[in-house]
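The values are calculated or read from the model by the stated rules, or taken from the named source; none is laboratory data. The model shown is predicted, which means the values in this text are computed figures rather than measured ones. No Cβ is skipped: glycine too gets one built from the backbone with ideal geometry, and neighbour counts run over all protein chains shown. Keep in mind that these areas ignore ligands, DNA and RNA; they rest on the heavy atoms of the full protein, side chains included. Shrake-Rupley method; radii C 1.70, N 1.55, O 1.52, S 1.80 Å.
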Amino acid sequence: MPLQRDSWEAASSLSGPQAMSATVVPATSTTFELAIPRVSRPIARPWVRPTLRGKFLWVGEEKFYIRGVTYGPFRPHADGHTYPSPKSVERDFALIAASGINAIRTYNAPPRWLLDCAQEHGLRVMVGLQGERHFAFLEDKKALEDIRKQVSTGARACSGHPAVLSFTIANEIPAHIVRWHGARKVERFIESLFCLAKDHDPDGLFCYANFPTTEYLDLQFLDLVCFNVFLESQPRLEAYLARLQNLAGNRPLVMTEIGLDSMRNGEAAQATSLDWQIRTAFAAGCAGAFVFSWTDEWHTGGREVKDWKFGLTDQDRKPKPALTAVRKAFADTPFEPGIRWPRASVVVCTFNGSRTVRQCLEGLEKLRYPNYEVIVIDDGSTDGAGEIALQYNVRVIRTENRGLSHARNLGLAAATGEIIAYLDDDASPDPDWLSYLALTFQRTNSAGVGGPNIPFPDDGEVAACIAHAPGGPTHVLLSDQEAEHIPGCNMAFRRDWLQSIGGFDVQFRVAGDDVDACWRIQEAGGRLVFSPAAMVLHHCRGTLRGFWKQQVGYGRAEAMVERKWPGKYNTAGQIAWGGRIYSDGLLRSVQCARGRIYQGTWGTAFYTRMYSPQPGLLHSLPGMPEWVLLNVVLAGLSAMGFLWPRLLVALPLLFLGLAVGLLTVALRISFIRFSSCPETHFARGRLRIFTAFLYLLQPLARFWGRLRYEFGLWRDRRKSGLAFPRRSGFRLWNEQGQSSIERLQAIESTLREAAAVVRRGGDYDDWDLEVGSGVFGNVRLRLVSEEYGSGKQLVRLRGYPRFSFLVLVLASSLAVLAWAASSDHAWVATCVLGALALAVGGLTFQAVGSATAAVCRALNKLGFEEAR
């Protein structure tokens, strides 16, 4: 995305926009007249300030989209005042309001009379506090003192005024200044200004107007994510907005400057460009946009700017064609008129969800979608959830408890819409949730679309901690828009696609069905897309017991998914996602590291990018089942030290293992922010400690759920027989040739028909198939075909068992410890340790033996003979 180099030098010293080079189609109309309306009178009804609900702003019970324009900066007066006269401001605001604009953005703190005037005309003000400087200000104590004084004075002057939309701490600290000081130092400085301003206006919303050159700044403490972006190519703007939405996470994204210079591009091109810029921003799910700027009268850097004309009006306030284009574009947003909205069916599956299903259905009643139905599947509830659903204008289907997947299939069968949207009974949708889903379906021609599920902000401290803990439903992205997985609590599919894969797999009673459905759709050639604006508010578990139960269920579901999709899992038993797991945007709390910032040679990159590496071993360690098992064993051995003191040697190893896990968890939670600055350090520390405990508890619960499922499989394997796990060879003489790939596919298919878990070898593996799963071991197969002409073949296949190194070490260590305990006549410890060693060895033998038996049966069925 190269900048227009011939204009960059002129812009580098200014705080305004930087234009991007591209071809712009000129508008057809260039001149018109616009009458200035009569000044409106003060508003009688009381104003309330905007609040946040996930990705959008609300004023009371009304959703508020920002349709704004920047105002200023103007030539300062002799007394330091930087705004036109009250009469001129009133005329400007009257014309602004008449143009369908509901907000203005200033670049310095306005006087109270200007805020009063804005309120009279129904305008809200994004107040600039000018915390930025265009030199190395962090090394200048006087400059820092002046900045803090300016921010404090501006926030205090505007504090509490109902017309204040939000405060902009600073605007576009230059990239070379950020590079000079270092990103983290600048982040801490902005945070200090935020806390300073927040002290003067605790109820205010705060943001920083960033731009692409410093997109990597991590400012999670701010309420809004704001960017100034000047791209003259619509596809590039669409792509970049998708990236910004992922950076924004669960917060609203606001474009604080968009526009085009009419001096270089012409007034007609300016009008055309602003039209699609505004429409693109709202279609991408932005909470609002500010057009730069209201007028060509522009003063910055101590001088009048004469060689840029971004205004919707000229210096004499004569409207340009762009004003008409902006007025029409704002009137048509967020959704353009004339869209054909397909019929949608919303399916809510509930099982004993009486506590939350009412709120869910009330939210569905408020959807602003013209053509939809709601189907509630009562999956055998015993707490009255079905009776509650009957009180609403929905179709209720009641059935005995058969699990989540079966309920979702019932909804699919009963639905009449071409889009089937699934919503959990403890979630509440945004009023435009269905509209954003349907719009994304139309624009991307996708098979499935998902959106973010954002925690309710007022569910209590336990729920707030659980919201920051791992293990919650989230999306996985292959790119800024394409998804590998969309969470089941907020997902929608084209009806035809769901029917083509046979619906959801009914073996998944609690969870995992969404992952399985996503993979099957992608395997069939379908595409999944993530829509950041199609948001729902989702209740997190409110108790520790509820969190444990949820994670145990997820662990069981993970084991079931692994059994069906072994190729999607790595040897540690974790899903090997092809994309990135997103929690609340691209945050360091997920990666535990900033990653690499692309800045170009000598800092010359115009658009920077943050490249975060895939999580390494240290990051993944606390969640690995082997690591959890090892710590459990060490804890058990340490506890047995009371029976045999020599076992206390395991205590330092346990401390080391826990210390590594705690260090990783500490790095993760160090960036978590629960609330704003006024909260005490003690309260923040208490919440962080509890969240750290959840980080350690979650993998343990998942591991326990997986073990419970594995024990059930072991019982099934005993019924299917065992074979001694040994290295063996098989051979098959074939008179009609068949390729090795076809032969391996036949072996794989036969093994899967026998319910064996089969994983294919990868590009760098010297084996072809792996049979069996789990932490204990498996059997690997390698095939070779000898060609003898005329289609004759001798197919050789070699199978060799593989025992988990960790399990072998564990069993051997327990056996050695049992022998040592017997030498010390610690008979109780000897019996316990010996029994554990035998149990681990027996489970290992059973796991590998059942895999060996499955291989022998499958090969015998295909005509293979064991080589002697």
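For the chain, the ratio of Cα radius of gyration to the globular rule of thumb 2.2 N^0.38 Å stands at 1.10. For residue 222, the solvent-accessible surface with a 1.4 Å probe is about 10 Å², rounded to the nearest 10. Among the protein heavy atoms, those of residue 765 account for about 70 Å² of accessible surface (1.4 Å probe, every chain in place). Charge dipole of the range 110-256 (Cα centre as origin; +1 on each Lys and Arg Cβ, -1 on each Asp and Glu Cβ, all else neutral): 280 debye, rounded to the nearest 20. Computed with every protein chain present, the accessible area of residue 81 is close to 50 Å² [probe 1.4 Å].
Here the simple spin-label model places points 7 Å from the Cα toward Cβ, and for residue 148 and residue 825 these points are separated by 7.3 nm. If the segment from residue 524 to residue 113 were pulled out straight at 0.36 nm per residue, it would be longer than the present Cα-Cα gap by 141.7 nm. Axis angle, to the nearest 10 degrees, between helix 141-158 and the longest C-alpha principal axis of the chain: 80 degrees. Normalised by the number of residues in the chain, the mean separation of alpha-carbon contacts (under 8 Å, six or more apart) gives a relative contact order of 9 percent. Tell me which of 276, 58, 123 sits at the most positive position along the dipole axis of the chain, charges placed on C-beta atoms (Lys, Arg +1; Asp, Glu -1). After comparing all options, I get 58.
Going 7 Å from the Cα of residue 860 in the Cα-to-Cβ direction, what parts of the range 730-760 have a backbone nitrogen less than 19 Å from that spot? Flagged as within label range: 730-733, 747-757. Compared with the alpha-carbon gap, the fully stretched path from residue 648 to residue 263 is longer by 130.6 nm at 0.36 nm per residue. Here the convex hull built on the C-alpha positions of the range 408-543 has a volume of 114 cubic angstrom per residue. The simple spin-label model puts a point 7 Å past each Cα toward its Cβ; for residue 307 and residue 87 those points are separated by 3.6 nm.
Given a 1.4 angstrom probe, I'd like the percentage of the accessible area of the chain that is carbon and sulfur, rounded to a whole number. Of all accessible area on the chain, carbon and sulfur atoms account for 56 percent. Rounded to the nearest 20, the size of the Cβ-charge dipole of the chain about its Cα centre is 1560 debye, with Lys and Arg at +1 and Asp and Glu at -1. Sorting 180, 704 by solvent-accessible area of protein heavy atoms yields 180, 704, largest first, with a 1.4 Å probe. Output the 0 to 90 degree angle, nearest 10, between the alpha-carbon long axis of helix 650-669 and the longest principal axis computed from the alpha carbons of the chain. Roughly 30 degrees between the two axes. Dividing the helix sum by the residues of the chain, where each DSSP H run of 4 or more adds -39500 (n - 2.57), gives a mean residue ellipticity at 222 nm of -13000 deg cm²/dmol. Of the listed residues 786, 484, the order by accessible area with a 1.4 Å probe, largest first, is 786, 484.
Where Lys and Arg each count +1 and Asp and Glu each count -1, what net charge lies around residue 534 among other residues with Cβ under 11 Å from its Cβ? Around residue 534, the charge tally is -1. Counting charges near residue 732 (Lys, Arg +1; Asp, Glu -1) among other residues having Cβ under 12 Å from its Cβ returns a value of +1.
Summary value for the range 732-808: 30 percent relative contact order, contacts being C-alpha pairs under 8 angstrom separated by 6+ residues. Ordered by solvent-accessible area of protein heavy atoms (1.4 Å probe), largest first, the residues 703, 493 come out as 703, 493. In the range 325-477, taking the dipole from charged Cβ atoms about the Cα centre, the farthest positive-side position among 386, 431, 403 is held by 431.
In the full protein context, the range 104-172 carries 35 Å² of accessible surface per residue, based on a 1.4 Å probe and ignoring ligands, DNA and RNA. The angle between the Cα long axis of helix 544-564 and the main principal axis of the chain comes to about 60°, on a 0 to 90 degree scale. Simple rule: put +1 on each Lys or Arg Cβ and -1 on each Asp or Glu Cβ in the range 190-268, find the dipole, and look at 256, 231, 207; the Cα lying farthest toward the positive end is 231.
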